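Here, each number is a calculation from the coordinates, and none is a lab measurement. Note that the structure is a prediction, hence the values are computed from the model and not measured. Positions of Cβ are generated from backbone atoms using ideal geometry, with glycine treated the same way; all protein chains shown enter the neighbour counts.
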Amino acid sequence: MVMLAAVPMRWLSWDFSLQDPTGAKVGEVRLSSWRERGSVVVAGISYKVQRDGLLGPFVVRAADGSRVASAVKPSTLRRQFTITHGEKHYVLKAMSSLRRECGLFDEANRQLGRVRPESWFTRRARAELGEEVPPLIQAFVVWLTLLLWKRDGDAVAVAPASS
C-alpha cells in the first residue's frame with residue numbers, strides 16, 4: 001500500500017503537496033479556484049487536468065497535449081467517477097453520503113485504496129492506494145477527491161445566501 005499525505009501549500013488555496021510517510025514531497029495536486037481544472041505533478045512531470053467541453057470528462061494531458069487518462073462522472077446525483085488509463089478502468093466513489101472518504105475500486109469491484117480527510121475540520125488528506133495503481137493515477141485520484149470536497153464546500157457556502 002502506498003501512503004500519501006495531501007498537505008495544503010497555502011492557507012486558502014486548493015494547491016496541495018503530496019508527501020510520502022517520511023514527509024518527502026513526491027508530487028503536487030493543484031485545483032483552480034475558479035474553474036474545474038488544474039494540474040498534477042508526478043516525478044517532476046507536470047500534467048494538465050481540464051474538462052473536455054462544458055460537461056465532458058476530466059482529461060489528464062501530457063505536456064505534448066496527448067490524453068493520458070480521463071474521468072467521467074456517470075451521474076450528477078452520485079459522488080463517483082469512472083477513471084480510464086490505457087486499458088485499465090477504475091471507479092472512485094464516496095464511501096458514504098455523510099463522510100468525505102472516497103474509495104478506489106477496480107473493474108471487479110475490488111477495493112484498491114481510499115482517500116480520506118485527516119480529521120473532520122481539515123483539508124489535509126491521507127491516501128492509501130494499492131501499489132498496482134500507477135503514481136499518475138494515484139495523484140489524479142487525490143485531485144478528483146479534492147474536487148469533490150471543494151464542490152461540497154462551495155455548495156455549503158452558497159446555501160445560506162440562497163435562503
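Can you find, within region 52-65, the residue that is farthest from residue 134 (Cα to Cα) among those that are loosely packed, with under 15 Cβ neighbours inside 10 Å and not acidic (Asp, Glu)? Break it down into steps so the answer makes sense when it comes.
In the first step, residues of region 52-65 are kept if they are loosely packed, with under 15 Cβ neighbours inside 10 Å; the result is 52-56, 62-65.
Narrowing the set further to residues that are not acidic (Asp, Glu) leaves 53-56, 62-63, 65.
Details: 53: 26, 54: 28, 55: 26, 56: 24, 62: 15, 63: 18, 65: 20 Å.
Looking at residues that are loosely packed, with under 15 Cβ neighbours inside 10 Å and not acidic (Asp, Glu), I get 54.
How many residues, within region 125-144, are among the acidic types (Asp, Glu) and either touching a residue at least 60 places away in the same chain (Cβ under 8 Å) or closer than 19 Å to residue 79 by Cβ (or both)?
Qualifying residue count, region 125-144: 2.
Counting only residues that are over 14 Å from residue 95 (Cα atoms) and touching a helix residue (DSSP H, G or I) at 6+ places or on another chain (Cβ under 8 Å), which one in region 105-126 is surrounded by the fewest Cβ atoms within 10 Å (Cβ to Cβ)? Even if it seems obvious, please write down each step before you answer.
So in region 105-126, the residues over 14 Å from residue 95 (Cα atoms) come out as 106-108, 118-126.
Narrowing the set further to residues that are touching a helix residue (DSSP H, G or I) at 6+ places or on another chain (Cβ under 8 Å) leaves 123, 125.
Details: 123: 18, 125: 24.
That would be 123.
Take the residues in region 1-32 that are part of a loop (DSSP other than H, G, I, E, B) and in contact (Cβ under 8 Å) with a residue 60 or more places away in the chain, then tell me which one is surrounded by the fewest Cβ atoms within 10 Å (Cβ to Cβ). I'd like the intermediate steps shown before the answer.
Of region 1-32, the ones part of a loop (DSSP other than H, G, I, E, B) are 1, 9-14, 20-24, 32.
With the extra rule that they be in contact (Cβ under 8 Å) with a residue 60 or more places away in the chain, the set shrinks to 1, 14.
Working: 1: 11, 14: 20.
Among those that are part of a loop (DSSP other than H, G, I, E, B) and in contact (Cβ under 8 Å) with a residue 60 or more places away in the chain, it is 1.
Condition check: of a type outside the set (D, E, K, R), surrounded by fewer than 19 Cβ atoms within 10 Å (Cβ to Cβ) and assigned to a strand (DSSP E or B). Does residue 96 satisfy that?
On the way: of a type outside the set (D, E, K, R): yes; surrounded by fewer than 19 Cβ atoms within 10 Å (Cβ to Cβ): yes; assigned to a strand (DSSP E or B): no.
Taking the combined requirement at face value, the residue does not satisfy it.
Hey, any hits in region 7-26 for a residue that's among the small types (Gly, Ala, Ser) and in contact with a helix residue (DSSP H, G or I) (Cβ under 9 Å, 6 or more places away or on another chain)? First the steps, then the outcome.
Residues of region 7-26 that are among the small types (Gly, Ala, Ser), as a first pass: 13, 17, 23-24.
Those still in the list that are in contact with a helix residue (DSSP H, G or I) (Cβ under 9 Å, 6 or more places away or on another chain) too: none.
No, region 7-26 contains no residue that is among the small types (Gly, Ala, Ser) and in contact with a helix residue (DSSP H, G or I) (Cβ under 9 Å, 6 or more places away or on another chain).
Please tell me if residue 42 is surrounded by 15 or more Cβ atoms within 10 Å (Cβ to Cβ), in contact (Cβ under 8 Å) with a residue 60 or more places away in the chain, under 20 Å from residue 85 (Cβ atoms) and of a type outside the set (Lys, Arg). Walk me through it before giving the result.
Numbers: surrounded by 15 or more Cβ atoms within 10 Å (Cβ to Cβ): yes; in contact (Cβ under 8 Å) with a residue 60 or more places away in the chain: yes; under 20 Å from residue 85 (Cβ atoms): yes; of a type outside the set (Lys, Arg): yes.
It is true that residue 42 is surrounded by 15 or more Cβ atoms within 10 Å (Cβ to Cβ), in contact (Cβ under 8 Å) with a residue 60 or more places away in the chain, under 20 Å from residue 85 (Cβ atoms) and of a type outside the set (Lys, Arg).
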